[in-house]
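Here is the structure we will look at.
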Amino acid sequence: MSHMLTKKLPPVQSLLVFRRVSQLARQQYDVVVVGGGHAGTEAAAAAARVGAETLLVTQKIQTIGALSCNPSLGGVGKGQLVREIDALDGLCGRAGDWAGIHFSILNRRKGPAVWGPRAQLDRQRYREFIQSELLSTPKLTVIEGSVEELLVTEPNPEEPGRHRVTGIRLANDSHSVTAHSVVLTTGTFLSGSLFMGQTASPGGRIGDAPSCAGLSQTLKERLGLRVGRMRTGTPPRIVKDSVDLSLAQLHLPDGCPTPFSFMNTQTRCKPEEQLPCHLTYTTPGVESVVRESLHVNCHIQQDTKGPRYCPSIESKVLRFPGRSHQIWLEPEGVTSDLLYPQGLSMTMPPETQLRLIREIPCMHRAEIHTPGYGVQYDFVCPTQLSPALQVKSTQGLFLAGQINGTTGYEEAAAQGLWAGVNAARWALALPPVALSRTESYIGVLIDDLVSRGVTEPYRMFTSRAEFRTSLRPDNADLRLTLKGFEIGCVSAVRYQETLRVKNSLQDAITALQALTLSTANCKKKFPDLPVSETKSSSMTGMELLQYKDMSFEMLASAFPEHLSSYMDFSQRLKIEAVYKPHCEINKKEIERIQKEENMFLPPDLDYFSLPVSLSHEVREILDRVRPSTLGAATRLEGITPAAIVSLYNYVQFAEKRERLIHRKHQNQKEERKRQLSARNASL
């Protein structure tokens, strides 16, 4: 078992005391991260890994790493994000391996590129792991506190932007904390309101207050950012012993758990210790309760945008009348006596919630431990951000997570990691870094946000990635870890392990390519393989692996002297072989897109006076969003292909003119040098 899973977690409480005592030790940091959710924890850890002195400010230290809603991680699209976060040395993949109690690969009926690694989690174990990791991270200090406002000054004239953030002011405190950069990861806490029935109260999560009003005011009024309002919700938690699980469908986990982290070969939870999930369905009685209670449900009556991809039961009943809906009953932990009813998010009064769940046969005697509720909160329109997740108009301010209009732990964690990396690089006077949508799901996520914006909470799907056959869960380490090491967020240990894997895979592929068999020999060695007689005279090992019925184990058994040393990579080699033709076709398209992606659009470009053929509407869109590259501009709604051609020609001409001017200046400098040398020689 991996050393990461056998370690004993340090006692969190002693670390908390140390960190809280140290809160007044210094008033200057490189990076301040506001919020201790999934985005904040990844941002703080990443900034510290890059080498920045980092401060994480959270309202309650004991809720760091809390799974505020569902007790699960990963899934289709989301699992790809977790693997990429892990490849960049993030926390959540290893935390999932430590806390997972039910592991499964979703979408197995389809190709490996769209498989979705997923795990049910033990809430307590997950929180303990994240807290232990954070509170023992070098260069990272964690304090309890609420941020009253951002410190804003005049911008550095040498950088684009109208403002500069220089730190934070804590609530109920006379002093400020200065920093070169600030990352806001406020989740649902920015001007958050909780809704249950006709009752509304301030808050971002049940039992926790919202962020200070001054923070939202700073964003809107002082910085002039466009802010919107979104809503989400959570189901009631059900007492496990009050549910008759024999009336629900049993769903067992995978027999052999697949870890999220590339650094782990096994999960902490042994295969036989995993817990099952159960599936049930809504009934006509559920729909009746929803319709009867609409008049006492103010949250569902609001115009605020709600999630299309994880809607409340009220929304599902109103949108799809007469339909039965799936409800997954998920365990909350090994020792927990609660169940999480995935798909039953609701905001009606508590007594009505009880009536509703008892309309489902297996829950006809169920008891509610904690009622469901709705949350409404402010978000910042993400087209105001650069691909580094920095606010374009404000130097040193980065945003990540639900504040950017996303939903889900994985989307938040991915943004947090990348914002943390760039906030640290800004603080250390290093250039920003971006991820292309051609190389990662994180790149797809960020590009969708900053280029297209959101009209509803954004959720990742594999269908959002144009090159998903290349962006697979199995190769996230090869795609991102070496780059992560170059930019400073990946440890030397992980870097060396990835190099070992990369070299071993390359050696194995070389061995497979060198292994050639005639069609006749193929039929002799593998009689059940449907090799066509009209096939070319010989086939390589890689070509043989592309057959559905051929496994690497079969090949290695037939040619042990060539392949037996690569058995640890059998599944990865099979996937590489299957997708090799697709990836080769994609390669040229990726190169074309990368050329567009890399064509830089100056941040101070005056689109209204640009001497090219663009409609006023297109100029308005470009001026509002200010895409950083031509590739980002191509994905803006309302931007025509003709407009892209005009922009392309203008940038090409501008670059050519810039080169000519630069060459002219260089020639003038050389001429002056020659004249000066000649004059000195004559003297």
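The values are calculated or read from the model by the stated rules, or taken from the named source; none is laboratory data. What you see is a predicted model, and the numbers here were worked out from it, not measured in a lab. Reconstructed Cβ throughout: ideal geometry from the backbone, glycine too, with neighbour counts over all protein chains shown. Heads up: the accessible areas ignore ligands, DNA and RNA and are worked out on the full protein's heavy atoms, side chains in. Shrake-Rupley method; radii C 1.70, N 1.55, O 1.52, S 1.80 Å.
Table for the structure above
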quantity	calculated
Top-ranked residue in region 426-466 [being open to solvent by 20 Å² or more (accessible area, probe 1.4 Å) and aromatic (Phe, Trp, Tyr); ranked as nearest to residue 233 (Cα to Cα)]	461
Qualifying residue in region 475-487 (condition: assigned to a loop (DSSP other than H, G, I, E, B), of a type in the set (Gly, Ala, Ser) and touching a residue at least 40 places away in the same chain (Cβ under 8 Å))	no
Some residue of region 301-317 being at pLDDT 95 or above, in a strand (DSSP E or B) and among the charged types (D, E, K, R)	no
Conditions (1) in a helix (DSSP H, G or I); (2) open to solvent by less than 50 Å² (accessible area, probe 1.4 Å); number of the one not met by residue 547	(1)
Hits in region 559-592 - residues which are surrounded by 15 or more Cβ atoms within 10 Å (Cβ to Cβ) and either among the hydroxyl-bearing types (Ser, Thr, Tyr) or over 30 Å from residue 438 (Cβ atoms) (or both)	559, 562, 563, 566, 570, 579
Which numbered condition residue 469 fails, given (1) more than 22 Å from residue 260 (Cα to Cα); (2) surrounded by fewer than 22 Cβ atoms within 10 Å (Cβ to Cβ); (3) in contact with a His (Cβ under 8 Å, 6 or more places away or on another chain)	(1)
Criterion violated by residue 246 - all others in (1) open to solvent by 30 Å² or more (accessible area, probe 1.4 Å); (2) among the hydroxyl-bearing types (Ser, Thr, Tyr); (3) assigned to a loop (DSSP other than H, G, I, E, B) satisfied	(3)
Among (1) in a helix (DSSP H, G or I); (2) open to solvent by 30 Å² or more (accessible area, probe 1.4 Å) - the single one residue 419 does not satisfy	(2)
Helices (runs of 4 or more DSSP H) fully within region 21-111 counting 1 or more residues that are over 26 Å from residue 462 (Cα atoms), open to solvent by 20 Å² or more (accessible area, probe 1.4 Å) and not acidic (Asp, Glu)	38-50
Filter pass, residue 255 being closer than 30 Å to residue 398 by Cα, exposed (fewer than 15 other Cβ atoms within 10 Å of the Cβ) and over 23 Å from the mean Cα position of the chain (by Cα)	no
Candidates 275, 279 - the one that is part of a loop (DSSP other than H, G, I, E, B), in contact with a strand residue (DSSP E or B) (Cβ under 6 Å, 6 or more places away or on another chain) and not aromatic (Phe, Trp, Tyr)	275
Answer from 127, 94, 109, 169 - the residue that is under 20 Å from the mean Cα position of the chain (by Cα) and either under 30 Å from residue 439 (Cβ atoms) or without any contact (Cβ under 8 Å) to a residue 60 or more places away in the chain (or both)	94
Out of 345, 393, 312, sole residue that is in contact with a His (Cβ under 9 Å, 6 or more places away or on another chain), polar (S, T, N, Q) and buried (at least 21 other Cβ atoms within 10 Å of the Cβ)	312
Number of positions in region 45-65 that are over 15 Å from residue 144 (Cα atoms) and within 19 Å of the chain's Cα centre (by Cα)	6
Test: residue in region 185-198 that is crowded, with 19+ Cβ neighbours inside 10 Å and over 30 Å from residue 350 (Cα atoms)	yes
Looking only at region 167-184, and only at residues there that are of a type outside the set (Gly, Ala, Ser) and buried (at least 18 other Cβ atoms within 10 Å of the Cβ), the one that is farthest from residue 28 (Cα to Cα)	184
Within region 203-222, considering residues that are at pLDDT 85 or above and over 26 Å from the mean Cα position of the chain (by Cα), the one most open to solvent (accessible area, probe 1.4 Å)	221
Residues that are among the small types (Gly, Ala, Ser), in contact (Cβ under 8 Å) with a residue 24 or more places away in the chain and part of a helix (DSSP H, G or I), drawn from region 491-541	504, 508, 511, 514, 541
